[in-house]
Every structure is written in structure tokens, then in C-alpha cells.
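The values are calculated or read from the model by the stated rules, or taken from the named source; none is laboratory data. The shown structure was predicted, so the numbers you read here are calculated from the model rather than taken from an experiment. Cβ coordinates were reconstructed from backbone atoms using ideal geometry, including for glycine residues, and neighbour counts include every protein chain displayed.
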Amino acid sequence: SQTIHQWPATLVQPVGSPLSLECTVEGTSNPNLYWYRQAAGRGLQLLFYSVGIGQISSEVPQNLSASRPQDRQFILSSKKLLLSDSGFYLCAWRSGGGQFFGPGTRLTVL
Amino acid sequence: SQKIEQNSEALNIQEGKTATLTCNYTNYSPAYLQWYRQDPGRGPVFLLLIRENEKEKRKERLKVTFDTTLKQSLFHITASQPADSATYLCALDMNPGNTGKLIFGQGTTLQVKP
């Protein structure tokens, strides 16, 4: 069966520090992968999606970037975090039309 | 741009009753409309998908309707239980054959009281 992993589960970082969040999927190949952010009390905002290795599409201009170095690995990065980057970051993959989400990373930027 | 409206006010119902949640959208009808459940501190869980040429879809105690004329989907939970308490998100997939990108509503919180 398919499984999606995200780490870390929680992260507290100072403003201006770098960020790297990792997402890996097991049990499938060549999945469409997605990064979302959910601010407190808000809906899910699509940040990036990828249809294959090295293929990244950005949805919202910001100081974040994404990479897909391997088929089942999706990484979200930032060189310098802003306070507004705080939120709940979710990775998802697509199967049969629906999307299946990881456990998420709670990021707090202080 | 496409917008989705879900009732931001929490829906409180008594156990055993039917809960009905509404999802309205503007502009073009999506090819697929999806419903997800999200518990606090967790990622959303996919529940049901309905296509634009389908009027109704059922899964156990769940029923989804899709009216492209009204630009509305209704999500019903029959015989509701306290364990059904969660936030329910509506999502539109405008182009499922390509990227599969979803546009999510902000969700409606359901509270089922025993």
C-alpha cells in the first residue's frame, strides 16, 4: 500500500534562517506531488506541484522553492524565512483523482 | 478566478440527525468535485469524488450531490455520530487529466453532540 512521510513533524525557526522540509512517498511510482500551506484558521493554499523528476510548477510568488531530486521525494526549501512563512505544511500525492496527504509539518517562525 | 464558498460558521447537530454541508463555487464548473475530512493537527483525508456528469454519489453514510446549474455541491452525513465531528473541505479539480491541481474551500466545521 502507498504511504507518504513528512519530516520533521514540528519546527521552530528564527526569522532569516533557512528551511528544508522533506516528503517521501512509498508504494507508487511517478506520482504527481503537491506542497500546500495552511495558515491558522485558513484553507489550503497550493504552493508547488510536480508531475515528474525535476519538474516543478510554482503557484504563488514567495520566498519558498521546491525540488524533486528523485521520483518519490519532494523537498520544500527557503533560504531566509519570514514571519509570514509560519503555518502547517502538507505534502500530497494524487491517485484516482483524489489526493492523499502526509501528516504535515507545523512550522513556527519567531 | 475560481472561488469556493463554504459556510464558515460551525454546524452543530444532534447525534443521529443528518448533517448537510454546502459548497458553492463561481465561474466554471469543475470536472471533478471532491470532499475531504480534516481533523485538528492532521492532513485532510479524501472522502468522495463526483464528476460533472454525475448528480449523486454515495459511500456508506455519506452522500454527495452536484448541481452544475446551481454551481453547488451538498455533502450529507446520515445517522451522524460524535466521531463525525471534524472540518470538511470541498475541493475543485478543473483539469483532472493534466496536473490534478485542486482549489480548496476553507471548510466547514461539524460538531455532532451526543
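A few remarks follow.
- Some residue of region B:82-95 being farther than 24 Å from A:GLY104 by Cβ and modelled with pLDDT under 95: yes
- Answer from A:ILE4, A:ILE75 - the residue that is within 14 Å of chain B (Cβ to nearest Cβ) and β-branched (Val, Ile, Thr): A:ILE4
- Residues that are of a type in the set (D, E, K, R), within 12 Å of another protein chain (Cβ to nearest Cβ), surrounded by fewer than 21 Cβ atoms within 10 Å (Cβ to Cβ) and in a strand (DSSP E or B) do not occur anywhere in region B:91-107.
- All strands (runs of 3 or more DSSP E) inside region A:13-77 with 3 or more residues being within 23 Å of A:LEU110 (Cβ to Cβ): A:19-26, A:33-38
- When the residues of region A:90-110 are filtered to those that are more than 22 Å from A:SER29 (Cβ to Cβ) and touching a Leu at 6+ places or on another chain (Cβ under 6 Å), the one that is nearest to the other protein chains (Cβ to nearest Cβ) is A:GLY104.
- Of all residues in region B:8-42, those satisfying the criterion of being of a type outside the set (Ser, Thr, Tyr), over 14 Å from B:ALA91 (Cα atoms) and assigned to a loop (DSSP other than H, G, I, E, B) are B:GLU9, B:ALA10, B:GLU15, B:GLY16, B:LYS17, B:ASN27, B:ASP39, B:PRO40, B:GLY41, B:ARG42.
- Failed condition for A:SER1, given (1) over 12 Å from the mean Cα position of the chain (by Cα); (2) part of a strand (DSSP E or B): (2)
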